[in-house]
Amino acid sequence: MSLQTFAASKAFTLGVELELQIVGSHDYDLAPGAADLLRLTSRRKLAADVKPEITSSMIELSTGICDGHHDVITQLREVRDALVHDAAKLNLRLCGGGTHAFQDWSHRRIFDTPRFRQVSELYGYLSKQFTVFGQHVHIGCTDPDQALWLLHAMSRFVPHVIALSASSPFVQGTDTGFQSARLNSVFAFPLSGRAPFTLTWQQFGSYFDKMRRTGVVESMKDFYWDIRPKPEFGTIEIRVMDTPLSIERAAAIAAYLQCVARWLCLEHPFEPHEDDYLAYTYNRFQACRFGLDGEVVDPRTAERGLLRDLIAQTISAVESHAIELRAEQGLSHLRHALATPGGSDAAWLRAAQAREQYLPEVVRQQCLRFESG
Amino acid sequence: MTDALRSLMTKPWALQPDTLLGAALLALLAALFGELVWRALRWPRMLGYCAVGSLVALVGHSVSGHEPALRLAIDGALALLLFESGARLNLRWLVRNPWLLASSLAEAALAGIAVWMVLRSFAVQPMAAAALAIIASAVSPVVLQRVVGEMHAAGQVTERLLALSALSMLYAVLAMQLFSAGLLLSDPGTWLDALSPVLFSFCGSILVGAALGEGLALIARRLDLRDDNAMVLLLAAVLLALVVAKTLQLSALLVPLLAGIWLRNRSQRPWVWPRHFGSAGAVLVMVMFVAVGAAWRLDAVAPVIGIALAMLATRAATKTLAVLALARASGLGIGQAMCLGAGLLPMSATAWLLGLDFSVRHPSAGAQAMPVLLAALALLELTAPLVVMGCLRTAGEIDLHARDKPR
């Protein structure tokens, strides 16, 4: 199968996917409830879609095509309320967060579909360790070349959204020291990281054909890049975020990305360049490890800056676009988080654990945070 | 307690289950056989324990349930398991999913009524039939918990099996108390004498259960329950409550069950502790399964085996039908509901103790009920765990990659 044609879509439309944790309300460990939950929600009519994921204790919800923040939050609220209600009928609960705080990955079960079986056989324990929960944001692009341009221009904002969404400090019962430990698991996959620097769909097509000839990939699905083009939707998909603890935060991050995309495409504040990637993995690490307090390097000027400050600057820079896209509410949510000490979800989780000294109780409070609002 | 220990010590070389030598040999045999069953067939180890018990019964050393040391171990094990069972029961779930509560009430009530009718058709006298019907309405949480635990089962069928069994146990114990009161009330002139001990037992069980639950919550709040030392404290608290219950002649089944329910539902905070309170609890549980396995005598059971079979078939059919009827409303698939209904088969130590207590209070009705009950237990002790395992496997809720599978 060669590369699909890029289905153009309306510029700057949004789609949000959230991978959620299904936990049992007895011990708050991950519980295999995806199939049961899907059976109940399939009886409902929802604007958003609900799908299974690779392990049976994970469920993915995705909005339809949204114009902006208001649409996203309305759809997410509706599907969240429906899922929470159905989960309660099954003695299950749902929560956000990039990792489950204390699950034992060897206990996870693979959801039974041919593709998931195949992935599981290929990647072995990695596929179970991949029991991590992310937020993906799609941004609509009018043509494929614009999509690739935007993909690379966006790369310097990858640390921003990692820091804003970071919610995975605990893995397998221990504090990793990271704000987002989830991305360390993603990095173990052979085709993760950044996309190759190609700015036209033609160049990208020839890269894809070469890769396919090697037999390493069959389709775009085999690339686990931080940002990847999604030709069938006509979007680029930003995949670095942890699932935030609340849908308000998830919607706000989507709004931030939408505003940045519009700003980049309409004002061209800079042109993307291969050398932008010199400091890419370093900056990404800083964001994962220290979150909003991470210090990132501008590869062009060699200047260093705190992510907290850079995000605030960006929010100011995109202000007119936020007004145009009616995303002010989302951005003000983020401004508030930046101004609050420990305003990140990871800090919230650490504070809960410091108070309770008991991770199952932390997960329970995580559920409350997801369910309310 | 000293009597109990003395009986273990005084005749050290007598080959009875109730002596130190007998107990040691049986424990050795049960542990080995349990491991064999697990390695060779991947069946739960408890099947090995029950099988050893059955062997003991077959060679004529059956257990009456009145041996002091053994009874202590059985009561202790049951207290632990019922406490765990109660502590899994989330009452908020029943509020959020009232159809689940409805299917619980339906499966217990219909099974009880159907069993009563079948037993009456076999000319079992009304009192004995009613006692058996109440006992048969309950599903043993003991066997379910053990199979679920050993097979690392998780999922909707598992959750509901555990919830329905805890609830049915609660109904049965309460119904048994009311029934006993009713029986004595029908004795002219004694009704005041009869009512007060029943009320005392009922309210006392609730009070002691709540006190134990509250005490355990206090312990759990301050200590990590996954820690060995905290575990000993928990174990001791449950056994202490059992002693109080026995001294005050409260229900030894109701107190731990209510304590568990209290602990689970007094606050939303989750509590996690090792299964059966770690290794000390595991020993008691093994002894209990061997003892229940050895509870029957071939000569007493053989004549009533047909009645027992009819009773069990009716019970299984009504329970399955009740669960199936309310499957969709309670959010369950039909396949899952079949598995759930069929999984509601076990009757075990709980049924035995209910029967024993009934016989003590009502010897004549007990004399007719006990052989049927023991025949049913003999029929179920090896089949029920296998059926439960099969149901969980069919429902896809057993993790085939469980950590402790045979190496």
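Bear in mind these aren't lab numbers, they're just calculated from the coordinates by the rules spelled out. It should be emphasised that the depicted structure is a prediction, and the values quoted were computed from it without experimental measurement. So basically every Cβ, Gly included, is an ideal-geometry build from the backbone, and we count neighbours across all protein chains shown.
Overall shape: prolate for the protein assembly as shown, with the ratio a/c of the largest to smallest alpha carbon gyration tensor axis at 1.5 or above and a/b above b/c. Please give the FRET efficiency for A:T340 paired with A:Q313, using the beta carbon to beta carbon distance and R0 = 22 Å, rounded to the nearest 0.05. Taking R0 as 22 Å, the efficiency between A:T340 and A:Q313 is 0.75.
A simple packing score, the average count of other Cβ atoms within 10 Å per residue, orders the peptides B:199-210, A:163-174, A:139-150 as A:163-174, A:139-150, B:199-210, with the highest score first.
Sorted ascending by nearby beta carbons within 10 Å, beginning with the fewest, A:K89, A:K45, B:K319, B:K246 become A:K45, B:K246, A:K89, B:K319. Remark: spin-label model distance B:L207-B:V244 equals 1.0 nm, labels positioned 7 Å along the Cα→Cβ axis.
Max-minus-min Cα coordinates of segment B:272-407 on each principal axis give 48, 41, 27 Å, with the largest extent listed first.
Between A:A47 and B:L195, the modelled labels are 6.2 nm apart [label points 7 Å from Cα along Cα→Cβ]. Amide hydrogen proximity for A:G193: with H placed 1.01 Å from N in the peptide plane, the residues at 5 or more positions away or on another chain lying under 5 Å are A:D226.
Here r is the Cβ-Cβ distance between A:E274 and B:R226 and R0 is 60 Å; the resulting FRET efficiency, rounded to 0.05, is 0.70.
For chain B, what is the calculated [θ] at 222 nm in deg cm²/dmol (nearest 500), taking -39500 (n - 2.57) for each run of four or more DSSP H residues and dividing by its residue count? Estimated from H runs of four or more residues: -25500 deg cm²/dmol. Classify chain A as rounded, prolate or oblate from the Cα gyration tensor: take a ≥ b ≥ c as the square roots of its eigenvalues, call it rounded if a/c is under 1.5, otherwise prolate when a/b beats b/c and oblate if not. Since a/c stays below 1.5, the shape of chain A is classed as rounded.
Going from the residue with the fewest nearby Cβ atoms within 10 Å to the one with the most, B:T158, B:T394, A:T41 rank B:T394, A:T41, B:T158.
Computed from point charges on the beta carbon alone (+1 for Lys and Arg, -1 for Asp and Glu), the dipole magnitude for chain B about its Cα centre is near 860 Debye. For segment B:67-120, the Cα gyration tensor yields ellipsoid semi-axes of 29, 23, 4 Å (square root of five times each eigenvalue, largest first, whole Å).
Per the Cα gyration tensor, chain B maps to an equivalent ellipsoid with semi-axes of 27, 27, 24 Å, ordered largest to smallest.
What's the center-to-center distance, using Cα atoms, between segment A:274-337 and segment B:348-371 in Å? Cα centroid to Cα centroid, the span is 74 Å. An oblate overall shape is assigned to segment B:122-271, the ratio a/c of its alpha-carbon gyration tensor axes (a ≥ b ≥ c) being 1.5 or greater and a/b not exceeding b/c.
Cα to Cα, under 16 Å, and not fewer than 8 places away if on the same chain: which aspartates and glutamates meet these conditions relative to A:K210? Leaving aside aspartates and glutamates fewer than 8 places away in the same chain, those within reach of A:K210 are A:E218, A:D222. Stretching the chain fully between B:T394 and B:L36 yields a gain of 126.5 nm (0.36 nm per residue, less the alpha carbon separation).
Here each label is just a point 7 Å from Cα along the line to Cβ, and for A:A8 and B:L178 those points are 7.4 nm apart.
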